[in-house]
Amino acid sequence: MNETIRVDDLTFHIKRSERRKTIGLTVERDASLVAHLPKDADIGQVSALIRTKLVWVHQKLATQKDTGRETVFRRPEFVDGEGFYFLGKHYRLKLIDVDPAGPPTPTVRFDGDRLLFRREQVAVGEKRIAEHYTRAAHPYLNDTVNRWKRIVGVSPTKYVQVMDLGFRWASCSSKGTLNFHWRIMQLPPQVIDYVAVHELTHLKVPDHSPAFWAEVARILPTYPQHRRWLRERGGEL
């Protein structure tokens, strides 16, 4: 039987070698994951090391072609009427023409129930949206984490990081750094709270054991409905 190890929602195929002295991770061309281990490597130590490298793994997965990412996150079209979400509220895209000689105009701007977007930026639309959501995410998520960390009873590092995490909404390193996907700003505030509580709780319980979920339930009794919403609706955003 092939040996595997599962860390969160990722499965790594294990390859052991008598000549190998260190642990290494690779993301193959087909997006499969491999942990290269010394012959007698301890699985517990391997799992802990993998967890410190999860951001790197997800970033590598995000760059792979044909990994099915489009089934995880919807890829919007930058045409009039396309739907976008920000903090759970739905907006319709409106392309606008800007006079080059006129006053400076933001590429992305919310106005009522519309998201105004400069037409000449359509070719790099997703990049501009990611930049806008990332800027908004930093203060919002830091406030969210600061509010919940006292309730959870943990002390993460001072600032959160916002980046493209590939297939994940968020992650937590063993050093206490919280990482969030910029797309999290599309979620309703109460679902963002759940994601933050989930990651903060990992500073107490690193796995997804019954003890972990019991702690999440103690902190946020309504978490099942938010977790279900994320599974059922997250891919539509």
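Assorted remarks:
- Charge context of K39, other residues only, Cβ under 11 angstrom, K/R +1, D/E -1: +3
- Sorted by Cβ neighbour density within 10 Å, fewest at the top, the residues E18, E199, E77, E82: E18, E77, E82, E199
- Cα gyration tensor shape for the range 76-132, rounded if a/c is under 1.5, else prolate or oblate: prolate
- The phi torsions of the range 166-178, fed into the Karplus equation with coefficients 6.51, -1.76 and 1.60 and a -60° offset, translate into couplings of x, 8, 10, 6, 6, 7, 9, 7, 5, 8, x, 7, 9 Hz, rounded to whole numbers, with Gly and Pro shown as x.
- Percent of beta bridges antiparallel (DSSP, the range 4-52, rounded to nearest 5): 55 percent
- Over 27 Å apart at the Cα level, from the set K94/K127; K94/K158; K21/K53; K60/K89; K21/K60, are K94/K158; K60/K89.
- Taking the C-alpha atoms only, the angle from helix 54-63 to the longest principal axis of the chain is near 50 degrees.
- Taking every DSSP beta bridge that has both ends in the chain, the antiparallel portion is near 60%.
- Taking L237, L10, L178 and counting other C-beta atoms within 10 Å, the order from fewest to most: L10, L237, L178
- Degrees between helix 125-152 axis and first principal axis of the chain (Cα, 0 to 90, nearest 10): 60 degrees
- Rounded tilt (10° steps) of 223-233 against the dominant C-alpha axis of the chain: 70 degrees
- Put simply, when 212-220, 182-190 are sorted by average Cβ atoms within 10 angstrom per residue, most first, you get 182-190, 212-220.
- Overall form of the range 150-237 per C-alpha gyration tensor (a/c, 1.5; a/b vs b/c): oblate
- Where both bridge residues fall in the range 83-126, DSSP classifies roughly 60% of the beta bridges as antiparallel.
Coordinate-derived values only; no laboratory data. Just so we're clear, the structure is a prediction, and the values are computed from it rather than from any experiment. Methodologically, a virtual Cβ is constructed for each residue, glycine included, from the backbone with ideal geometry; neighbour enumeration extends over all protein chains shown.
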